[in-house]
Amino acid sequence: MIHLKIKSIKDTIHGYIRIEEPFWKIIDTAEFQRLKWVEQTSYRVLYPSARHDRFIHSIGVYHLGQKAITGFIKNCNHDDSEVIKKFRNSFLLGCILHDLGHAPFSHTCEDLFNYQEKITNPSCSLNALLFESYKNSSNDVIFERFKKDYTYILNSTDGICKAPSEHEVMSAVLTIKNFHKFKSFFEEDAFLDLDLAIRSILGCVYAVAAGDEQEQKQISGIKNCLIRLLNSSTVDVDKLDYIARDTQMSGYDNIVLDNERLLDSTCIVINNDGIYLPAFKKSALSIINNVILAKNSQAQWIVNHPIVLYDAYLLRRAIGISVKNIYDKQFTDSENISSFDLLLKTIFSYGALSKDGICVDNNEIKLLSDIELLNWMKQNINNPCVSEYFSRDERKSPIWKSNEEFLFHLNSDKDKAKEISDFIAPLITYLNNIEDLYLSKEISSTLNEKIATEEIDGKDELIKIVDSLTSYADADGNVGFEYVILPAKNSFFTKINAKNINIRFGDNEKEYTSYENIRDNTFELTSKTYEFFYLYSNKKIDVKHFLNYLYSKAHASSYIRA
């Protein structure tokens, strides 16, 4: 029996984390160390103590992955346990590397890896890079099966699979390109399944059918259970770490999760078609309920907080302005792609994240992180938007700070709320498309001229919406308000799909049900019948007066009332 060297680190969240030698050697690489300079969240504008990064989060996910697979092995029959043991290191490799490709400032910038392209398009540039990288590192049979399964999940509506995030695809690419180096840290005869590792990062399960051979059902089924323990629409080790870590590091009083008990209950259930599914024992019911409550609370009160949303908006604009001012001179228009598009595709790329780096305008960019972007922004601090990002006293303020306040000032009339939201929605969509959510009286004429020349439906009503906002005068006759309009992108509902959380009762692998069938629905949030949004102003505005004004404009709109 091989005894691996172990290093222990003390983590604020999980206590002592024991890291096996191959994995701490991966942690010591430059590619992984880069994550020390990638902020975990955008919450510090609201919670100044939320100073944590993708580096420690990734180690935390590895730690919870160890606990999950230990419980998994313990709670399965002998034959299944032996298969799980075989894939242990491959699963943990996915856990430790699942965020390796995160963009600077995490989710605020991650779509810049696939700028103005949809990740659900199999032919987009980021997916093309993934396919090219994997095809060069795999045999044809494995690659073609992966490509087929991956293409399926990009637009899946089954509620089990979901399209990956851009950072997950980039993490898979970095894992593929560095796999030989990572593999060299393990014993020569150690088994590592690259396919399982990258599928775990992407949440890309293997297609399994009722008519498949039993051995294939077992192998692919167990692999799918492991994939979903890392990346799924249900409860997984990634969510468990960031819910606990973001809560404790910020100081937000959320529900404390008993991850030890939950992960000790991981097990397998088998449906009537013989398909393996991941599950938790009934002893974990209360903890699963708490996970959903905690995720809901975090989404509603932190992720969707108007200050957090506005900070992310400013950061995106400041980065775009600064990058363009520094590097745009080198790039020229090509094939109807703007120089700025080409610039972003160059800087937010695999090459810039790598140790070897890329060269832009005679400057080398290596291991791209928050540091470079902050430096570029500081060089452009005289720009009003960049200055506003660094100077909190220059920032616009939200007119209302929650959906509850929005409703209160409309006398809790949800029909009025919906009418206002439907009225503003076309403008939000339009401004999102042109990537400029700023609006003022000074630019309204230019904006309306631009709208008038475009081939879009409802442009006359769109112009009326612009005029309605920019012509607003408060009760004292003050005019000239400037606005930023931001949709509350994240639904107040949890992303955890209760239908696909399986609960096992007893030792029989067929004695189970979905959590949705037995859960207490009292924690469900009230469904909104409208798309909520925030408006930010350069001057203080009386909320009730402003909303009544907007409602009068919305109610008179022929476009909305048709």
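The values are calculated or read from the model by the stated rules, or taken from the named source; none is laboratory data. Just so we're clear, the structure is a prediction, and the values are computed from it rather than from any experiment. Positions of Cβ are backbone-derived with ideal geometry, glycine not excepted, and every protein chain shown enters the neighbour counts. We work out accessible area using only protein heavy atoms, side chains counted, and drop any ligands, DNA or RNA first. Shrake-Rupley method; radii C 1.70, N 1.55, O 1.52, S 1.80 Å.
Worth pointing out:
- Rel. contact order, % - alpha carbon contacts under 8 angstrom, at least six apart, the chain: 15
- Considering only S265, S250, Q214, the residue lying farthest towards the positive end of the dipole of segment 214-267 is Q214, judged by Cα position with unit charges set on Cβ.
- Segment 199-320: relative contact order as a whole-number percent, Cα under 8 Å and 6+ apart: 23
- For segment 196-209, the Karplus equation 6.51 cos²θ - 1.76 cosθ + 1.60, evaluated at θ = phi - 60°, returns couplings of 5, 4, 6, 5, 5, 5, 8, x, 9, 7, 7, 5, 10, 10 Hz by residue, with Gly and Pro reported as x.
- Taking Cα atoms only, the orientation of helix 285-298 departs from the longest principal axis of the chain by about 30 degrees.
- Additional length obtainable on full extension of the chain from I456 to A210, 0.36 nm per residue less Cα span: 83.8 nm
- In a simple Cβ point-charge model (Lys, Arg +1; Asp, Glu -1; nothing else charged), segment 377-498 has a dipole of about 560 debye relative to its Cα centre.
- Most to least packed among 283-289, 103-109 [average Cβ atoms within 10 Å]: 103-109, 283-289
- Distance from the C-alpha centroid of segment 1-68 to that of segment 352-380: 24 Å, rounded to the whole angstrom.
- Under the Karplus curve 6.51 cos²θ - 1.76 cosθ + 1.60, θ = phi - 60°, whole-Hz ³J(HN,Hα) for segment 53-58, x wherever Gly or Pro sits: 10, 5, 4, 6, 4, 5
- Tilt relative to the chain, helix 88-97 - C-alpha long axis, 0 to 90 degrees, to 10: 20
- If R0 is taken as 30 Å, the Cβ-Cβ distance between K539 and F390 corresponds to a FRET efficiency of 0.90.
- Extension gain, K510 to R261, is 87.4 nm, computed as 0.36 nm per intervening residue step minus the present C-alpha separation.
- Those chymotrypsin sites (Phe, Trp or Tyr not before Pro) in segment 426-513 that DSSP places in a loop and that have at most 16 other beta carbons within 10 Å: F493, F505
- Pairwise centroid distance, computed over Cα atoms, of segment 85-107 with segment 248-305, Å: 20
- For segment 344-466, relative contact order (Cα pairs under 8 Å, six or more residues apart, normalised by length) works out to 11 percent.
- Set K181/K324; K450/K544; K7/K181; K147/K183; K459/K553 screened for pairs whose C-alpha atoms are more than 26 Å apart: K181/K324; K450/K544
- Extended-chain gain in nm, criterion 0.36 nm per residue less alpha-carbon gap, N155 and N272: 39.5 nm
- The overall shape of segment 36-153, judged from the alpha-carbon gyration tensor, is oblate: a/c is not under 1.5, and a/b is no greater than b/c.
- Estimated dipole of segment 164-266 in Debye, rounded to 20 [Cβ of Lys and Arg +1, of Asp and Glu -1, Cα centre]: 240
- Only DSSP H runs of four or more residues enter the estimate; each adds -39500 (n - 2.57), and after division by the residues of the chain the mean residue ellipticity at 222 nm equals -14500 deg cm²/dmol.
- Against the chain, whose longest principal axis is taken from its Cα atoms, helix 543-555 shows a tilt of about 80°.
- For segment 1-46, a crude dipole built from +1 on the beta carbon of Lys and Arg and -1 on the beta carbon of Asp and Glu, taken about the Cα centre, is about 120 debye to the nearest 20.
- Taking a ≥ b ≥ c as the square roots of the eigenvalues of the Cα gyration tensor, an a/c ratio of 1.5 or more together with a/b no larger than b/c marks segment 102-234 as oblate.
- Sum of side-chain charges, K181 neighbourhood, beta-carbon under 14 Å (Lys, Arg +1; Asp, Glu -1): +1
- Comparing F390, I465, Y430 along the charge dipole axis of segment 373-506, the residue lying farthest to the positive side is F390, per the Cβ-charge model.
- Dipole of the chain, positive direction: furthest Cα of C359, L486, Q66, with charges on the beta-carbon: Q66
- Estimated from the Cβ-Cβ distance and a Förster radius of 22 angstrom, the FRET efficiency linking R51 and S8 is about 0.45.
- For F533, the residues 5 or more places off, or on other chains, whose built amide H falls under 5 Å of its own are A488.
- Across segment 394-399, computed HN-Hα scalar couplings (Karplus, 6.51 cos²θ - 1.76 cosθ + 1.60, θ = phi - 60°) run 9, 7, 6, 10, x, 5 Hz from first to last residue, x flagging Gly and Pro.
- Calculated accessible area for the chain comes out at 45 Å² per residue, all protein chains present (probe 1.4 Å; ligands, DNA, RNA ignored).
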